[in-house]
Amino acid sequence: MDPMTTTAATALAAGGYILRLGHRWLRLRAQIRRTELHQHGLSQRTQALPPGSRLIEKSPHHDVDILIGTPTAGHSTR
């Protein structure tokens with residue numbers, strides 16, 4: 001087999017692997033960024049609610065149920 005053909009095939013295989021790895025990294029980064037934005041928005045929404053409110057969000061990916069301004073069981077409010 002010609003050494004140039006072997007080198008080209010190896011380079012092509014390595015390039016494909018690097019592209020797949022880069023694509024996977026970009027998808028993961030995008031997912032992390034979406035999660036950060038969602039958490040930031042959730043934080044802003046909870047800060048805007050008065051004490052005693054309840055925030056419920058349901059989606060295929062997560063369920064959120066937050067009680068605003070209510071004491072946790074076993075803790076005093078003093």
Unmet requirement for M1, which otherwise passes all of (1) of a type in the set (A, V, I, L, M); (2) assigned to a helix (DSSP H, G or I); (3) open to solvent by 90 Å² or more (accessible area, probe 1.4 Å): (2)
Residues that are surrounded by fewer than 13 Cβ atoms within 10 Å (Cβ to Cβ) and among the aliphatic types (A, V, I, L, M), drawn from region 53-66: I56
Selection within region 21-63 - acidic (D, E) and in a helix (DSSP H, G or I): E36
Some residue of region 7-18 being open to solvent by 80 Å² or more (accessible area, probe 1.4 Å), within 29 Å of the chain's Cα centre (by Cα) and at pLDDT 95 or above: yes
Region 35-52, residues that are under 8 Å from the mean Cα position of the chain (by Cα) and surrounded by fewer than 11 Cβ atoms within 10 Å (Cβ to Cβ): E36
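The values are calculated or read from the model by the stated rules, or taken from the named source; none is laboratory data. Worth saying up front: this structure is predicted, and the values here are computed from it rather than measured. Glycine gets a Cβ as well: all are built from the backbone with ideal geometry, and neighbour counts include every protein chain shown. Areas reflect the complete protein model, heavy atoms only, side chains present, ligands, DNA and RNA absent. Shrake-Rupley method; radii C 1.70, N 1.55, O 1.52, S 1.80 Å.
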